[in-house]
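Trainee: One structure, pasted below without further comment.
The values are calculated or read from the model by the stated rules, or taken from the named source; none is laboratory data. Keep in mind that this is a model prediction, so the values were computed, not measured. Cβ placement follows ideal geometry from the backbone for every residue including glycine, while neighbour counts extend to all protein chains displayed. To get the accessible areas, we keep the full protein, side chains included, count just its heavy atoms, and leave off ligands, DNA and RNA. Shrake-Rupley method; radii C 1.70, N 1.55, O 1.52, S 1.80 Å.
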Amino acid sequence: MDETVDVQAVAIGVGTVLAVAALAYGAFVGDTVLGVATTTLAIGAFALTFGVLAALHGAYGRRDFAAAYGVAGLGLALVAVASSGLQVLVGYLLLAAGGAYVAVVTVRARDRSLPQ
């Protein structure tokens, strides 16, 4: 019997657990881990999650989703390490552009899969 695993859900779950763990560490233990702010680590965990999702979609031939997740991850990574308002703005714009593409295409695909 073959078993299938929703790898995307697992990747998102692992990324979320890492981000929440970083935030919990920051709230209850200390503000930094090896000199890096825990909020930066949490945002970085989500950025890496987007990178993993981009790689997964690329491996399955969905290059459009791979590019969108990659752009969103790059934007979030830029927000995490930004040192100016312009960098934060560009990061948010990339995050919004990638996220909007994923949202629109996902909603359209679900609408097509519903019985008419």
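Trainee: Just to confirm, what accessible area per residue do you get for the chain at 1.4 Å probe, in whole Å²?
Mentor: 66 Å²
Trainee: A further question on this structure: Output the peptides 100-109, 71-80 sorted from most to least packed, where packing is the average of other Cβ atoms within 10 Å over each peptide's residues.
Mentor: Top of the packing list down: 71-80, 100-109.
Trainee: What full-extension length gain, to one decimal in nm, is calculated for residue 103 and residue 12 as 0.36 nm per residue of separation minus the Cα-Cα distance?
Mentor: Net length gain for the segment: 31.2 nm.
Trainee: Relative contact order of the chain: what whole-number percent is it, with Cα pairs under 8 angstrom and at least 6 residues apart?
Mentor: Over the chain, the number comes to 19 percent.
Trainee: Another question about this same structure. Which option, (1) 13, 34, 27, 17, 9, 0; (2) 12, 37, 30, 18, 3; (3) 14, 35, 32, 14, 4, 0, is the value of P(r) over Cα pairs in 10 Å bins from 0, in percent that was calculated from these coordinates?
Mentor: Computed from these coordinates, P(r) over Cα pairs in 10 Å bins from 0, in percent corresponds to label (3).
Trainee: Give the carbon-plus-sulfur fraction of the accessible surface of the range 3-113 in %, rounded to a whole number; probe 1.4 Å, heavy atoms of protein chains only.
Mentor: 70 percent
Trainee: Per 0.36 nm of contour for each residue apart, how much would the distance between residue 92 and residue 32 grow if the chain were fully extended, relative to their Cα-Cα spacing?
Mentor: 19.2 nm
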